[in-house]
1. I need to check one value: relative contact order of the range A:769-884, counting alpha carbon pairs closer than 8 Å and at least 6 residues apart, in percent.
2. Report the Cα centroid-to-centroid distance between the range A:537-582 and the range B:82-136 in angstrom, as an integer.
3. If the label point is 7 Å along Cα→Cβ of A:S80, which residues in the range A:100-115 have backbone nitrogen under 19 Å from it?
4. For the range A:797-836 and the range A:1-66, write down the distance between their C-alpha centroids in whole Å.
5. Taking the alpha-carbon centroid of each part, what is the distance from the range A:302-367 to the range A:118-138 in angstrom?
6. Averaged across the residues of B:75-88, what count of C-beta atoms belonging to other chains lies within 10 Å of each residue's C-beta?
7. What are the semi-axes of the equivalent ellipsoid for the range A:449-609, taken as the square roots of 5 times the Cα gyration tensor eigenvalues, largest first, in whole Å?
8. Residue by residue through the range A:830-835, what is 3J(HN,Hα) from phi via Karplus (6.51 cos²θ - 1.76 cosθ + 1.60, θ = phi - 60°)? Round to whole Hz and write x for glycine and proline.
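Bear in mind these aren't lab numbers, they're just calculated from the coordinates by the rules spelled out. All figures in this text were calculated on a predicted structure; none of them were measured in a lab. Because the Cβ atoms are built from the backbone with ideal geometry, glycine has one as well, and the counts that use them run over all protein chains shown.
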Amino acid sequence: MALSGMRGLSVFISDVRNCQNKEQERVRVDKELANIRTRFKNERGLSVYEKKKYVWKMLYIYMLGYDVDFGHMETVQLISAPKYAEKQVGYIVTSCLLNENHDFLRLVINTVRNDIIGRNETFQCLALTMVGNVGGREFSESLAPDVQKLLISNSCRPLVRKKAALCLLRLYRKNPDVVNVDGWSERMVQLLDERDLGVLTAVMSLLVALVANTPHAYWNCVPKCVRTLERLTRGQDIPQEYTYYGIPSPWLQVKTMRVLQYFPKIDDPTIRKSLLDVLQRILLGTDVVKNVNKNNASHAVLFEALALVMHLDADKEMMSQCVVLLGKFISVREPNIRYLGLENMTRILLVADVADSIKKHQSQIITSLKDPDISIRRRSLDLLYGMCDVSNAKDIVEELLQYLTTADFGIREELALKAAILSEKFAPDLSWYVDVILQLIEKAGDFVSDDIWYRVVQFVTNNDDLQVHAAAKALDYLDKPAVHETMVKVSGYILGEYSHLLARRPGCSPRDIFHILNDKFPAVTTPTKALLLSACVKIMMHCQPPDPELVDQVVAVFRRYESSVDAEVQQRAVEFLALARKGTAFVDIMAEMPKFPERQSPLLKKAEDTDGDASEVSATKIRQQQMQQEQNSTALVVADPQPANGGLHPVSVPKTAAPARHSEQAVTSETPQDSKSFPPSQSQAHSNGGTPQQAPGHTPGSASADLLSDLVGPLSLEAPPPVASTSSSDLLALEAPPTPTAAAATPADSLALALLDSAPTQVQPLGNVSEWFKELTLKDSGVLYEDPYVQIGLKAEWRNAQGRIVLFVGNKHTGPLTNVKSSVLPPPHLRMQSAVVPENIPPRAQVQVPVDVACLSASRETAVLEFSFNVGHAPVSVQLKLPTSLNKFLQVAPVSANEFVARWRALGGPPSKLQEVVRGVRPMPLAEMANLFIRLHIGVANGLDPNVNNVVAATTFYSGTAATLCLVRVETDPSDRTQMRLTVASEDPNTTYELKEFIKEQVMDIPFPGQSPQAATVTPATIPLTGPAAALAGLI
Amino acid sequence: MIHFVLLISRQGKVRLTKWYSPYTQKERTKVIRELSGMILSRGPKLCNFLEWRGLKVVYKRYASLYFCMCVDADDNELETLEIIHHFVEILDRYFGNVCELDLIFNFHKAYYILDEVLIAGELQETSKKSVARVIAAQDTLIEHAKEQSNSLSNIIAQATK
């Protein structure tokens, strides 16, 4: 053999092979590397043969996974050698050893170019192969025109031209500008006439890439492609060497059909007809044969034909033909065909109305869910997920649940998530939904996120007829040994709220339930302990008449945790102990939770987000998206007895569902907003609790109250806060400091309560709150909020991950603002500390409130400022988003072109690098976009991207002590400014994602609705104003 | 497109790698470790496709060697499977009943051949005959060069005697 002469290489390879273990191998490799290094050092004495030998050894070592950080120069030099044998080694080893960003490639660019334009065909081939395999921007810029010339040259042999076609493809992928669309489409049409099938295959691959990027430019290729396909399927004029197991080049057939799928639509009736005829022939004429390879090849063609039929939106008959075929495939034994059958069935479901025919195969698909092959199980799971609707949800979800018990680890998470989504989306009734989720928690508790059980609590709370059922189920599950913690949480919560509904059943007395809960304490984490404490206090409250023995036991539990090291647990224990002494008032405080406002399911949202995150431009994908948009969301709608809360919606705050409060510290600060969301329950609370006779007992100085008010700063009560605010006096003292709700403590209250039904007055802001906020996102001083009484200005300074905001609160009014309160609700990723506002602001005075901010991680959430005051006796409260947006922690990063490109390459793909085609972009010239980026602290690097329609930018994101370099690339389409392709890359996947979403938000055209959430939050405070008070407010 | 080609022995030893998408050496090692773990543990009667990091790995075992190609998720799997077979047939024809040892000691040959079958992660030539012709021509060129240098050194050797 040609290389048998290279003895040193063979010896080295067999040495490595004989190594007993990795350690020995490393020693041998290191020895060889040292040897090569010294030999290369005194290069003079090195013969050509030795040079080649060492370079091959280096490649072998590199292939085994060792780092080879020298000898690149020697390798590259071989390319410049005059002889074929050396050149060949140089080219091949270079293309393996160096990647596209390597600096040494620049050294050989001239040699490579000379080889490409030179007369020596063998050198041309070597150079084209290397450039095609390595790619790289610099090659792309300096070599593309020459490669193009070779491809269309008449004098070159097919051997060179097919390499030129693929080389150009690689360069085009790197930089689409290398091909000038205008003239090139004509050239492509000519190239499709190519007689040599090798060249035609390469040209077809090139065409796939071209059409995928700019389909409209290559319309004129459609007829030729269809003709090629006809020719191939008929086997006309195909040389023997281009048939594969008797099939005329299956690869070329597949590629040709792939090209056709990238054209949005094929309208020309004659072309369409002949294409459909060809496809029909493929669908009908493919038989299963014995030879594996022949079978694979013919089915490769068949599956591509199926995909093309789906894309063409063929008539019903043909579609049902496809479904019949697929139905056959999913029941064969051959695993490849079964896998592809399942995969394509999922696809066809998205583009055609074939759900009913696919449902016939449901049992077959479920069988595949139990296949030993994980690839097949995944496909089957996807298909079941896709075909699920109201009619079969019960069966499918129950199958999934059953499978969950035996499923292996790799698939469980996905399985659990899918089961949860389906059960919520298509639940025939809510009790079934609750059952499913409880089962899910039992079987795969680790994979059930908090969102899911919050949702259960939400449904149970909002649906009275569900509560008994849920409580009974919860009790069943909790009574089992070894219960998952999530189960303890959800069951504990439900039993706390609703177990009293079961009281008459045997074994369900408050005492029994308390014992079950009590048993769980030792095994659970602290947040769950806190939750269980609340459940215990509720059970105790519901036990009427009080059972002294139960009370003793519950109190004993509280005593046990009275001195817990965890502040939250300790606080609850202490509070509950104090509350337990409050007699009847206690019952009001611990009243049932109010109904939740309607929320979008976080789970369904997540599901939609992942579905919509397709950055691929494949035509089928676009179709899928359209289909999804057309489908009406069948999400479960809960019958909520509550009226829509007068358009009041809380600003998004860092929590998803109310039960979250169990684990959150700063709970009281959330309460105002909750109370606003529930006007009915609130009024009810006032009418039963807020009797004036309790007011005289208000003695904030009493010892116990003092103690408590210290401890209770961030109070976490299970009961709706308004109830608390109107109950006994000590409680008022407890609640007063942090909550605006405590405004209820003023004597005016009793008056207000008397006439609760009158319409509330509203203080309107003098402008658009969200507009102000948006302004402040881009600059650091301005108005945050203004109404007839108060103006809040803002000035901010940012340095890396730290920042200081100063709020300037000005009283514009002629009377004093009393009872002024402000609190800052930081999202989880920010640490914030704010100064206290003075309780009264005199007329025409201004106070400054500094707020310190530290960023811990990337998030688009912003902090919320709750601000309330009284004008006369009329309380006003607003919630304002503070401009602590992501960009405040960004700093322009000056990055050189090389550095940028190197980083960009290094950050391979998702999740570090994310790409998305953003539609609905606010049309703006590039200069304006660059300007916007600069205002967002994202530094635009001009001239880095040769395409003038692209914007490339870099910025550093600071959080904690970390600084993350983020790279951004925006590709715009000059003919359609409403869309762009956005790519963001950084080392931290979360930062990448958040920054991408943030930029998206900034460039998208979001009109300001008249009643934007922020504006709507300006409300008549927590207590609706009543007749006389309103009249009073009117006078002021 | 094909992102990379891997040849792994049943013991998990790397026999050939070719990367058409840029991966750093560190990533390459990780990819190989991850994939060989997944592929080698799969039973014989399972399908030839494996979903992995949003891509698909199409693999096939020939005697003691696993041939793997990683393609995009929406690429045609069977087509890729037959590219593997096409490559194996070409190797077989060249080496004459190819075995793992042939590839170990002639890994550079395998690179030449692969370069005639794939460029830029796309199939270049579907005719086995055509590939064989090109490789044979290359071999002659190299042999020719060797003879030349041999004869040259002979001349020098004789002259300096």
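1. Once normalised by length, the contact order is 25 percent.
2. Going from one Cα centre to the other spans 78 Å.
3. Zone members listed by number: A:102-115.
4. The distance from the Cα centre of the range A:797-836 to that of the range A:1-66 comes to 68 Å.
5. So the two Cα centres are separated by 43 Å.
6. Working: counts 2, 13, 8, 16, 13, 4, 7, 13, 2, 0, 6, 5, 0, 0.
Partner Cβ neighbours, averaged per residue: 6.
7. Its equivalent ellipsoid spans semi-axes of 25, 18, 16 Å.
8. Per-residue couplings from phi come out as 10, 10, 9, 9, 10, 6 Hz.
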